[in-house]
Amino acid sequence: MKIKASLLFALRLLFPRTGKKSNARRSLVGACVCIGISLVPLVMVLTVSNGMIQGITNRVIGLSSSHINCILYPFAETAKSETSLRTLAESLRKADGVKNSYPEIQGVGLAAGKMGRTGATIRAVEKNIFTDNAAFAELFEVVSGEPSLQSKNSAIIGKKLAETLQISAGDTFRLITARRLESGKLVPKLTSMKVSAVVSSGYQELDALWVFIPLSTGFSIMPVQSSEVHIAIETADAFDFVRLGQVQGQINRMVPQYTRVYLWNELNTAQFENFSSTQIMLLFIMLLIVLVASVNISSALVMLVMERRKEIAILKSLGGSAEGISFAFLVTGLVTGVFGVIGGIPAGLLCAVNFDTIINLIEKAVNSMAMVAYILASGSTADFTQIHLLDPAFYLQKIPLAIPLGQLIIIGCGTLVLSLLVSAIPAIRAGREKPIDTLRKI
């Protein structure tokens, strides 16, 4: 039996000329729909999680660790003064592959506002970092005020911290830090700061406690011994690890003694391993759903073989081979999988593009039902709390779209392979049908 004849038989199995009703053909259509539906959440999870991880990664690199981070030991001479730290940062800008460098001293303190107080991560940075640093200018959203640190007592705070302290741009608050006396004793130091701007990176877990102050103010209110003094290095591409390694080696030769030089992925290893393992687990669960949906093809083909025993017997009596008939049913299962992929992946991408809208609609529906239940239970909505499916404390407020083309191709090919595998057993059984037994019953 030639391949052309097998393909023609497969075409007739999928699209019969007669108008006769076929339960097996309906099952094939149902299997195709099931595969498409099962691919929708898989594509959505893959696209949204990639966008989420990409957005968080860009913020961690651009706003926190930078591409390369030079951390100075507290007892290093370069770390003890603002002038020496700036001099080192300027010298590192001359390194091949370095676009810019930003000196910073980071410590912890207590922030006290009008109605509350909380711990804060104090970041003493250059005055113009919100305009000179491309990542700061792009990724920070100004909620209120003007992000400027020109005044000695000016401060830029995160949105969550502003809500906790109940302050806004133009208000004053107090920073309580520790300073060391000549005797070596630590005593609290109170500094009044004025909020010049409230900002948000869109990822609350990252910037919830950030307070930005001028570098000179940082050296005057935070003891170097209990703070982290470092220089953030920016290169052309944070993901070109070959080039980053070369720049890291060059910087290691330029920095003074008692300085450690790290790449961004070395500083955030645990966090990104957690992202990867979570994504793999989600994909594994979604693939199991696709596998279950693919089994429907096997069931539909079994019914199709039973319905087409007469045609199979006639083909075999005319010289059709078992391999040719099995091949025709394999093609039928494969084409069913192809139609499922063609329908499922675009639908999944469409849902991923409108993910924020879909989540908002689901949130409204869930909150409406929860409110009705709460009214029936308590008779009032005074203490009702809105339900958030994606809490901004742990997720990006706006998820960027990142379509993983290569991974989508792998998913499509994997689905087709699954379709072939589940089609194998009914196809082989179709090839083993005995024409004599079937023709006797006609």
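When the residues THR131, THR415 are ordered by accessible surface, computed with a 1.4 Å probe over the protein chains alone, the sequence from largest down reads THR131, THR415. Charges were assigned to the Cβ only: +1 to each Lys and Arg, -1 to each Asp and Glu. The resulting dipole of the chain about its Cα centre is roughly 2000 debye.
Measuring between their Cα centroids, segment 66-82 and segment 197-272 lie 10 Å from each other.
Exceedance of the 30 Å cut-off in Cα-Cα distance is limited, within the set LYS94/LYS127; LYS80/LYS398; LYS80/LYS194; LYS94/LYS189, to LYS80/LYS398; LYS94/LYS189. For the chain, the longest principal axis of the Cα atoms and the long axis of helix 82-92 meet at an angle of about 40 degrees.
I'd like the trypsin sites (Lys or Arg not before Pro) in segment 168-206 restricted to DSSP loop residues with at most 14 other Cβ atoms within 10 Å, sorted by number.
Passing sites in segment 168-206 are LYS185.
Compared with the dominant Cα axis of the chain, that is its longest principal axis, helix 269-307 is turned about 10°. Taking the inverse of the mean reciprocal distance over all distinct Cα pairs, the Kirkwood hydrodynamic radius of segment 138-268 comes to 17.3 Å.
The GLU90 and ILE285 beta-carbon pair, evaluated with R₀ = 51 Å, returns a calculated FRET efficiency of approximately 0.50. At a Förster radius of 51 Å, what calculated FRET efficiency corresponds to the Cβ-Cβ distance of ASN100 and CYS413, to the nearest 0.05? Computed FRET efficiency for ASN100 and CYS413: 0.75. All alpha carbon pair distances within the chain were sorted into 10 Å bins beginning at 0; the resulting P(r) in whole percents reads 4, 16, 19, 17, 13, 11, 9, 7, 4, 1, 0.
Spin-label pair THR83-VAL187: with each label point 7 Å from Cα along the Cα-Cβ axis, the two points sit 2.7 nm from one another. Once Rh is set to the Kirkwood radius over Cα pairs, what Stokes-Einstein translational diffusion coefficient, in µm²/s, holds for segment 75-230 at a temperature of 20 °C and a viscosity of 1.002 mPa s? It diffuses with D of about 134 µm²/s by this estimate.
If you build the convex hull over the alpha carbons only and average its shadow over all orientations, what do you get for segment 15-104? Give it in nm² to one decimal.
11.1 nm²
The alpha carbon radius of gyration of segment 287-442, expressed as a multiple of 2.2 N^0.38 Å, is 1.68. Once the Cα atoms are used to define both axes, helix 23-60 deviates from the longest principal axis of the chain by about 10 degrees. For segment 246-370, the alpha carbon convex hull comes to 251 Å³ per residue, rounded to a whole number. Rounded to 0.05, the FRET efficiency of the THR118 and ILE342 pair, given R0 = 60 Å and the Cβ-Cβ distance, is 0.70.
Going by accessible surface with a 1.4 Å probe and the largest first, TYR102, TYR262 read TYR262, TYR102.
The values are calculated or read from the model by the stated rules, or taken from the named source; none is laboratory data. Just so you know, these numbers come straight off a predicted model, no measurement behind them. Cβ: placed from backbone, ideal geometry, glycine included. Neighbour counts: every protein chain shown. Only protein heavy atoms, including side chains, enter the accessible area calculation; ligands, DNA and RNA are left aside. Shrake-Rupley method; radii C 1.70, N 1.55, O 1.52, S 1.80 Å.
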